[in-house]
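For reference, the structure is listed below as structure tokens.
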Amino acid sequence: MCKSLTPYMLVLGPIIMMVGFITSPDLEKLVGQEYLDEVKALDGNMTLLTIFITAIGVLMIFGGLFLLSQDLMANSGKMQQDMLLMSRIGFMFAFTVFYLFFALQLESIFIAQGENDDYAADPELVDELILDTYYMSQSIWSSMPIAWG
């Protein structure tokens, strides 16, 4: 029996991430006032839970890829080891971009639900900030195929 965590993380990570994405609210196609109305009506605890589940899945995927590259280094030549080391840098870039997307999306939701009250004095500014952080998170999300590649 394999005593490595690598296969477990590589199999369970995408499943857990998929569960998180399936249970998360569908805000992808909403823009402007539709998004503001929908995000203000969300259950914050459920949203936080689904993003947490998705983040755990992503962590397992990237951790599994990192462990896989480590396992492959043991029986490879110098050039292959260098390439595997470069792939680790790519993993960290994609990992960072993915979590930046989550942070921006969460910040958008937190501002909309009044969790972050730094901007509460100006309601127009609040709506503008909500939409700006949402649009930034969507832009970063659309760059994920590049980061994964």
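Only the coordinates and a few stated rules stand behind these numbers; no lab work does. Predicted model, so just to flag it, every value in this text is computed and none were measured. In this analysis, Cβ positions are derived from the backbone assuming ideal geometry, glycine residues included, and neighbour counts consider all displayed protein chains.
Suppose we flag GluC sites (Glu not before Pro) only when DSSP calls them loop and at most 16 other Cβ atoms lie within 10 Å. Which is the longest uninterrupted stretch of the chain?
The longest such stretch corresponds to 29-114.
Based solely on C-alpha atoms, express the radius of gyration and the Dmax of the stretch 54-141 in angstrom.
Gyration radius and largest Cα-Cα distance of the stretch 54-141: 18.9, 61 Å.
How much length is gained on full extension from TYR8 to PHE21, taking 0.36 nm per residue of separation minus their Cα-Cα distance?
Fully extending the segment from TYR8 to PHE21 adds 2.7 nm.
Taking 7 Å along the Cα-to-C-beta vector as the label spot, tell me the ASP37-MET73 distance in nanometres, rounded to one decimal.
Using points 7 Å along Cα→Cβ, the separation is 5.4 nm.
Enumerate the residues in the stretch 48-85 having an amide nitrogen under 15 Å from the point lying 7 Å beyond the Cα of VAL97 toward its Cβ.
Hits in the stretch 48-85 for VAL97 at 15 Å: 62.
No solvent, one uniform scatterer per C-alpha: report log10 I(q)/I(0) for the chain via the Debye equation at q = 0.15, 0.21 1/Å, two decimals.
Per q value, in the given order, log10 I(q)/I(0) is -0.82, -1.28.
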